[in-house]
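These notes are about the structure you will find just below.
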Amino acid sequence: MAHVSDLIATDIESYLAAHEQKELLRFITCGSVDDGKSTLIGRMLYESHMLFDDHLAALEADSKRVGTQEGEIDFALLVDGLAAEREQGITIDVAYRFFSTEKRKYIVADTPGHEEYTRNMATGASTADVAIILIDASQGVLTQTRRHSFIVSMVGVKRIILAVNKLDLVDYSEEVFNSIVSDYHKFADEALQLDEITAIPISALKGDNIVGASENTPWYEGQSVMEYLESVEVSSTSQSRSFRMPVQWVNRPNREFRGFAGLIGSGIVSPGDKIRVLPSGTESVVERIVTWEGDLEIAGAGRSVTLTLADEIDISRGDIITAADSPCSSADQFQARILWMDEAAMMPGRQYLLKSSTQTTSMTLGRLKHRIDVNTLEELPAKVLDMNEIGVCNISLSNRIAFDSYDEDPTMGGFIIVDRMTNNTVGMGLIDFALRRAENIHWQSMDVTKQSRAEQKSQKPRLIWFTGLSGSGKSSIANILEKKLQAMGRHTISLDGDNVRHGLNRDLGFTKADRVENVRRVGETSKLMVEAGLICITSFISPFESERMMVRNLMENDEFVEVFVDTPLEVCEQRDVKGLYAKARAGDLPNFTGISSPYEGPVNPEIRIDTTQVSAEKAADLIIDYLSKA
Amino acid sequence: MQDRMTHLQRLEAEAIHIMREVVAEAENPVMLYSIGKDSSVMLHIAMKAFYPAKPPFPIMHIDTMWKFSEMIEFREKMAEDLGLDLIVHINPEGQEMGMNPFIHGSSVHTDTMKTQGLKQALDAHGFDVAFGGARRDEEKSRAKERIFSFRNESHHWDPKRQRPELWNLYNSRKNNGESIRVFPLSNWTELDIWQYIHLENIPIVPLYLAKPRSVVERDGVLILVDDDRLPLKEGEEPMMKTVRFRTLGCYPLTGAVESEADTLPDIIQEMLLTTTSERQGRVIDFDSSASMEKKKQEGYF
């Protein structure tokens with residue numbers, strides 16, 4: 001390990017004294033196999049003179065055996081750890097690498113970049129101060145670049161090195177570099193919350209701008225990757241936040257001593273400081289900061305200490321000691337961002353365990369508000385989260401916990417989700433904010449459930465959603481259907497355009513936005529009906545696929561039955577029961593579906609009825625048939 | 001106002017945090033003590049983590065009957081000085097058959113005395129969590145191992161089924177039959193260990209320091225004549241050389257290096273200027289570069 005310092009050979013004591021003052025910087029490298037990520041890390045180890053001769057010899061041998069550089073040293077082999085992965089040529093897990101320079105010790109989280117490894121990247125990013133996002137100069141900003149950036153930004157990394165790699169493949173072109181950087185800013189400045197983006201043109205393979213300035217890029221005057229890492233300010237933000245110490249363990253060696261052991265998560269503490277314990281809210285004063293070396297006068301975030309207090313108050317593991325003048329809040333219901341990490345999908349309504357700081361409690365995940373496509377950052381409707389998917393939902397805990405929002409204080413706002421059956425860590429969560437109870441009355445756990453209500457009625461609750469043009473025959477069929485169901489002893493309710501628009505939705509008109517809101521309200525109302533165990537029948541034109549999809553997603557599997565009353569426009573217009581088509585044609589009815597507003601027919605409805613072929617009576621029978629089978 | 005911390009202070013705080021999490025959540029934890037430098041650092045940090053209480057768990061040494069005699073003396077002294085509960089386990093089957101690496105070979109010896117011995121001891125005492133002093137920088141498969149590393153009923157490690165470790169939140173919930181190895185020094189490097197020993201004046205086995213010792217050279221490796229069980233081959237003549245050890249294990253399987261480094265700063269200086277890694281002195285790692293991963297999957301610590 002030939003460190004480049006004369007002091008080592010000449011004056012080891014001074015060298016050691018200087019090195020004891022080194023700081024720690026943790027960073028993550030993001031990029032896919034082809035971006036040269038492993039090559040970059042291997043190169044940094046090599047350039048920092050961190051490789052032993054026997055490692056180098058093994059590397060040279062491995063490069064010849066399985067390397068991808070035609071017998072030349074393949075730096076990527078240095079970091080692709082497990083045997084299976086090395087044979088496959090991919091990195092599948094998080095590997096940690098270490099090196100140190102004159103100024104700093106570095107811990108590198110090396111994580112794979114494919115979409116299916118989003119969870120590994122989030123794991124690596126959760127402890128990183130800085131992220132290096134690799135871009136292949138010959139490819140430019142890709143979907144995966146956006147994905148990597150979004151994940152590290154979500155987990156709270158504020159500083160990014162944009163390493164535009166493989167510049168040798170584009171003749172070290174300044175134009176290519178500038179255009180990639182500008183593309184990246186267009187995306188990142190709007191979509192991400194970053195403090196700093198530092199773009200550096202590099203070639204990991206050739207060693208350009210890794211340690212020093214490269215002769216191949218005379219037009220680039222900024223820092224090399226290592227120069228940046230050496231000089232970037234190591235985050236002191238955790239100590240400038242309000243004091244928080246989660247209690248890990250109560251230290252009671254004898255009757256005289258009672259101390260509270262923990263790692264200070266945020267802020268600074270000194271003897272004499274007023275503290276408040278959460279969730280109980282009890283207050284006291286710090287008496288001593290006890291350590292093996294002796295009592296401390298001051299201790300900040302990152303230090304493991306044992307506090308004693310002036311008063312005898314009841315504190316146990318899971319309590320949080322906070323500054324009395326700026327305590328955190330406590331709550332049992334939150335909105336959170338969730339990244340799912342398990343092969344078994346996240347199930348809303350299921351109970352899991354939550355661990356946040358030293359607090360563990362049982363938790364129910366609510367229905368998803370939406371899921372975020374990590375590639376496009378679009379918000380999409382979703383019922384479940386599969387592995388590596390990110391979504392937003394409400395969570396409800398069996399006990400109150402002390403917390404801050406993740407953006408305010410990551411140590412108090414991050415949590416893991418543990419499956420009660422498999423005991424695996426199945427997800428990570430970031431608390432956005434607490435919910436007021438009033439907003440979540442439905443979260444109260446109830447012994448009377450949808451299932452019990454439905455069982456009482458001996459039926460399966462359903463939402464039968466009729467869609468089709470005005471005059472297509474929706475209401476007629478719905479009427480007959482409901483009569484038949486009631487005759488069969490079923491419990492039903494009908495919602496249609498006419499009865500809803502006179503009451504619940506009388507404030508809505510017929511613009512696109514109003515139509516969307518109309519369907520949303522009907523969807524939510526229908527959901528309540530289904531919760532009540534009823535078979536709910538709705539007849540609305542509901543012209544847009546996305547809104548019908550939204551309602552479908554409100555329901556559980558098999559509950560939503562979409563019935564497409566497929567009557568051609570000419571036929572509807574011919575029938576014109578209410579004289580609406582005539583008015584619309586005359587221009588007296590704006591935004592009339594089929595005439596001046598589009599109708600998007602369902603692609604895969606559960607049932608399609610062609611009213612030019614079957615009667616309303618027959619159509620109702622077809623639906624009953626379907627219900628009895630499905 | 002700021003409380004500036006050096007990298008060693010951060011690493012120490014992290015290790016303390018990990019140990020306390022285990023004590024708070026485990027039913028019956030134990031600290032494995034190999035008597036080497038990493039174990040010495042781990043034990044020292046355990047003394048700090050629970051101060052003024054003593055570490056609320058025993059320490060356990062898996063003895064192979066072939067450790068350097070100076071290691072055993074050191075072990076007894078440390079346990080007494082620190083007032084700790086020390087458990088020593090020797091695989092009785094190995095003891096009965098007179099396990100001898102010179103006769104049975106190094107891999108049978110290591111598997112029987114170390115790997116099987118460890119499993120026996122953990123099962124016999126019902127320990128559910130065992131601290132170990134392994135570091136991620138030692139070897140490639142270690143680089144991916146979690147701080148809380150799960151073992152199934154047969155103590156096997158499955159690198160493909162590791163739980164994600166986010167922030168500093170550790171999930172210590174076990175399934176039936178599972179146990180956990182916890183590595184508080186995961187993020188330390190060899191240099192960090194030595195620097196910390198130096199800074200904190202942590203006692204270490206004197207074998208780490210150079211002095212004239214009686215050795216024989218065998219297959220390019222210097223083996224210490226630690227006791228009269230070392231069979232001399234033809235033409236082998238014990239000779240006095242000034243040597244020290246970069247790593248400690250069973251004396252027949254651990255090579256010495258010629259060195260004049262007889263103080264800690266000298267050791268660190270030598271390490272920084274040297275060009276081979278510490279594991280090179282370990283005979284068991286010579287076979288193939290994936291051998292550690294295989295051993296670990298079979299239950300080697």
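A few remarks follow.
- Subset of the stretch A:612-623 that is open to solvent by 30 Å² or more (accessible area, probe 1.4 Å) and touching a residue at least 40 places away in the same chain (Cβ under 8 Å) - its residue that is nearest to A:Lys460 (Cα to Cα): A:Asp621
- Among the candidates B:Met31, B:Met71, residue that is more than 14 Å from chain A (Cβ to nearest Cβ) and closer than 30 Å to A:Ser238 by Cβ: B:Met31
- Tallying residues that are buried (at least 23 other Cβ atoms within 10 Å of the Cβ) and modelled with pLDDT under 90 within the stretch A:519-539 yields 1.
- Restricting attention to the stretch B:52-62, the residues that are open to solvent by 10 Å² or more (accessible area, probe 1.4 Å) and either more than 14 Å from every other protein chain (Cβ to nearest Cβ) or touching a Pro at 6+ places or on another chain (Cβ under 9 Å) (or both) total 7.
Conditions tested, residue by residue: (1) within 14 Å of chain B (Cβ to nearest Cβ); (2) aromatic (Phe, Trp, Tyr).
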position	(1), (2)
A:Val108	yes, no
A:Tyr117	yes, yes
A:Ser138	no, no
A:Ser153	no, no
A:Val157	yes, no
A:Val181	no, no
A:Ala191	no, no
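- Tallying residues that are free of Cβ contacts under 8 Å to residues at least 24 places away in the same chain, facing chain A (nearest Cβ under 8 Å) and among the hydrophobic types (A, V, I, L, M, F, W, C) within the stretch B:168-220 yields 1.
- A single member of A:Gly262, A:Gly349, A:Gly302 is under 23 Å from B:Tyr51 (Cα atoms) and out of contact with any Lys or Arg (no Cβ under 7 Å at 6 or more places or on another chain), and it is A:Gly262.
- Residues in the stretch B:1-18 that are charged (D, E, K, R) and either at the interface with chain A (Cβ under 7 Å from one of its Cβ atoms) or over 16 Å from B:Gly133 (Cα atoms) (or both): 3 in all.
- Residues in the stretch A:247-272 that are within 37 Å of the chain's Cα centre (by Cα) and open to solvent by 20 Å² or more (accessible area, probe 1.4 Å): A:Trp249, A:Val250, A:Leu263, A:Ile268, A:Ser270.
- Of all the listed residues (A:Arg97, A:Arg147), the sole one being in a helix (DSSP H, G or I) and at pLDDT below 90 is A:Arg147.
- Verdict on B:Lys48 being charged (D, E, K, R), open to solvent by 60 Å² or more (accessible area, probe 1.4 Å) and within 14 Å of chain A (Cβ to nearest Cβ): no
- The sole residue among A:Ile73, A:Ile90 that is away from chain B (no Cβ under 12 Å), within 28 Å of the chain's Cα centre (by Cα), at pLDDT below 85 and open to solvent by 40 Å² or more (accessible area, probe 1.4 Å) is A:Ile90.
Here's the yes/no breakdown for (1) more than 43 Å from the chain's Cα centre (by Cα); (2) part of a strand (DSSP E or B); (3) closer than 23 Å to A:Tyr581 by Cα:
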position: A:Ile464; (1), (2), (3): no, yes, no
position: A:Gly471; (1), (2), (3): yes, no, yes
position: A:Ile477; (1), (2), (3): yes, no, yes
position: A:Leu481; (1), (2), (3): yes, no, no
position: A:Leu485; (1), (2), (3): yes, no, no
position: A:Arg490; (1), (2), (3): no, no, no
position: A:Arg501; (1), (2), (3): no, no, yes
position: A:Gly509; (1), (2), (3): no, no, yes
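- Selection from the stretch A:287-319 of residues that are in a strand (DSSP E or B) and surrounded by fewer than 22 Cβ atoms within 10 Å (Cβ to Cβ): A:Glu287, A:Arg288, A:Val290, A:Thr308, A:Leu309
- Residue satisfying all of: in the stretch B:158-167; free of Cβ contacts under 8 Å to residues at least 24 places away in the same chain and not in a strand (DSSP E or B); most open to solvent (accessible area, probe 1.4 Å) among these: B:Arg161
- Qualifying residue in the stretch B:192-203 (condition: among the polar types (S, T, N, Q) and at pLDDT below 90): no
Yes/no matrix, rows are residues, columns are (1) surrounded by fewer than 19 Cβ atoms within 10 Å (Cβ to Cβ); (2) modelled with pLDDT under 80; (3) within 21 Å of the chain's Cα centre (by Cα); (4) facing chain A (nearest Cβ under 9 Å):
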site	(1), (2), (3), (4)
B:Met239	yes, no, no, no
B:Arg244	no, no, yes, no
B:Glu258	yes, no, no, no
B:Thr275	yes, yes, no, yes
B:Arg279	yes, yes, yes, yes
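- Within the stretch A:245-274, residues that are under 13 Å from A:Thr291 (Cα atoms) and in contact (Cβ under 8 Å) with a residue 24 or more places away in the chain sit with their Cβ atoms under 6 Å from residues that are hydroxyl-bearing (Ser, Thr, Tyr) and crowded, with 23+ Cβ neighbours inside 10 Å, at 6+ positions apart or across chains, in these pairs: A:Asn251/A:Thr306; A:Gly259/A:Thr306; A:Ala261/A:Thr306; A:Leu263/A:Ser304.
- Check on A:Ala299, at the interface with chain B (Cβ under 10 Å from one of its Cβ atoms) and touching a residue at least 12 places away in the same chain (Cβ under 8 Å): yes
- No other residue among A:Arg288, A:Arg276 is of a type in the set (Lys, Arg) and more than 12 Å from chain B (Cβ to nearest Cβ) apart from A:Arg276.
- Members of the stretch A:218-229 found to be open to solvent by 40 Å² or more (accessible area, probe 1.4 Å) and in contact (Cβ under 8 Å) with a residue 40 or more places away in the chain, listed by number: A:Trp219
- Restricting the first member to the stretch B:36-63 and to residues that are among the basic types (Lys, Arg), and the second to residues that are open to solvent by less than 10 Å² (accessible area, probe 1.4 Å), the beta-carbon pairs closer than 6 Å and six or more apart or on different chains are B:Lys37/B:Ile193.
- B:His125 falls short on exactly one of the conditions (1) without any contact (Cβ under 8 Å) to a residue 60 or more places away in the chain; (2) surrounded by fewer than 16 Cβ atoms within 10 Å (Cβ to Cβ), and that condition is (1).
- So A:Leu354, is it hydrophobic (A, V, I, L, M, F, W, C) and under 15 Å from the mean Cα position of the chain (by Cα): no
- The strands (runs of 3 or more DSSP E) found entirely in the stretch A:320-425 that carry 2 or more residues being within 13 Å of chain B (Cβ to nearest Cβ) and buried (at least 19 other Cβ atoms within 10 Å of the Cβ) are A:329-340, A:351-356, A:359-372, A:414-418.
- Filtered residues of the stretch A:102-127 (kept if open to solvent by less than 20 Å² (accessible area, probe 1.4 Å) and either of a type in the set (Asp, Glu) or closer than 30 Å to A:His19 by Cβ (or both)): A:Arg104, A:Lys105, A:Tyr106, A:Ile107, A:Val108, A:Ala109, A:Asp110, A:Thr111, A:Thr123, A:Gly124, A:Ala125, A:Ser126
The values are calculated or read from the model by the stated rules, or taken from the named source; none is laboratory data. All of these numbers come straight from a predicted model, not from anything done at the bench. No Cβ is skipped: glycine too gets one built from the backbone with ideal geometry, and neighbour counts run over all protein chains shown. Just the protein is used for accessible areas: all its heavy atoms, side chains included, with ligands, DNA and RNA removed. Shrake-Rupley method; radii C 1.70, N 1.55, O 1.52, S 1.80 Å.
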